[in-house]
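Since the structure comes first, as structure tokens, the remarks are kept for the end.
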Amino acid sequence: MRTLADSPIASVSQPPSSNVPIPSETNPTIAAALFAAWSGDPAVVVASPPGAGKTSLVVQLADQLNRRAGLSVAIAAQTRVQALDVTNRAARIGASVALLGTRDSHRPLDLEPRAHYLAGVADLRRWPGVVVATTARWLWVHEREYTAEVCVCDEAWQMTWADLGGLGPLSAQVVLVGDPGQIAPVVTGDSRRWEHLPAAPQRAAPEALLAAYPDSVTRLRLPCTWRLGPDTTALIQPAFYADLPFESARPPRHVELRGAALPEIGLELQSPLAGPGDACPAAAAANRVRDLLQGGAIVEGSERSRALEPRDLASSLRTWSRQAL
């Protein structure tokens, strides 16, 4: 068994000391992921419940591997919005990070000023820091043009096994971070011929990777959620995350709507469902969100309150149909 003294971490000079602790010194999961990737483990899978800090782990891990270990790091996000968010958050913690575009593209207006923008592969060859792009964009980068020493995949349960295989030439090491409770990747082609295969090309990349190489993957998990309260966690965890135990780390608080306290768990709205593609449930949810944002407030345990923000509602709303009930 490897120990910390056996790891390359012990022989590399540390960054200048400051009053702010290094995340790997305060977060055991980041420390374990850093230890595994820096030590050369070919594949690491980090499972996370909602609101546990997946993106924070991704950007901290990439920054530490690049800045402290001197490794080239590629981050694969699943959408352009996610790629932009990861780049901005990495730039805000001081990482040397760039967003990869195309030769004819322009720098996004909402890209963090401290982040760099690479207009195509020609710029990519000269960039020594962390590079962020969508998985689809990385699949167009040939290994003769660029390779990374570590590839970190954000929201990895949204990526198919086929796409992860396509990223193989990009890096010999992969770190997959994501939420196993998310909806499986959407595949538009006919995949019935592979339905019986545990490592089928249409399956979520982490699940297929673990099925194909069960003894070669380092498995980690984030143990708590900061988004879900204790009551919600007690309901969600056994129902949707039976294989991923986690607890709530959120400080006590409740939500008020125009002065009236709302329960943490409750049937807040009902909407009839006419059939597949019915827009009524989505419209009811949107109206509920609008109502909460206009009149809602979060009251913390110390009786401090603040207005509800969109990030507070992103994963907390549930729409139920009368037919389902």
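Things worth noting here:
- With respect to the conditions (1) part of a loop (DSSP other than H, G, I, E, B); (2) buried (at least 21 other Cβ atoms within 10 Å of the Cβ); (3) not small (Gly, Ala, Ser), Leu61 lacks only one, and its number is (1).
- Qualifying residue in region 48-57 (condition: among the charged types (D, E, K, R), out of contact with any Lys or Arg (no Cβ under 8 Å at 6 or more places or on another chain), part of a helix (DSSP H, G or I) and closer than 19 Å to Ala31 by Cα): yes
- Taken together, the criteria place Ala91 among residues that are more than 28 Å from Gly229 (Cα to Cα), in the same structural domain as Ala172 (by TED's automatic domain parsing), at pLDDT 95 or above and in a helix (DSSP H, G or I).
The values are calculated or read from the model by the stated rules, or taken from the named source; none is laboratory data. For clarity, every value in this text was computed on a predicted model and none was experimentally measured. Heads up, the Cβs are rebuilt from the backbone with ideal geometry, glycines too, and the neighbour counts pull from every protein chain shown.
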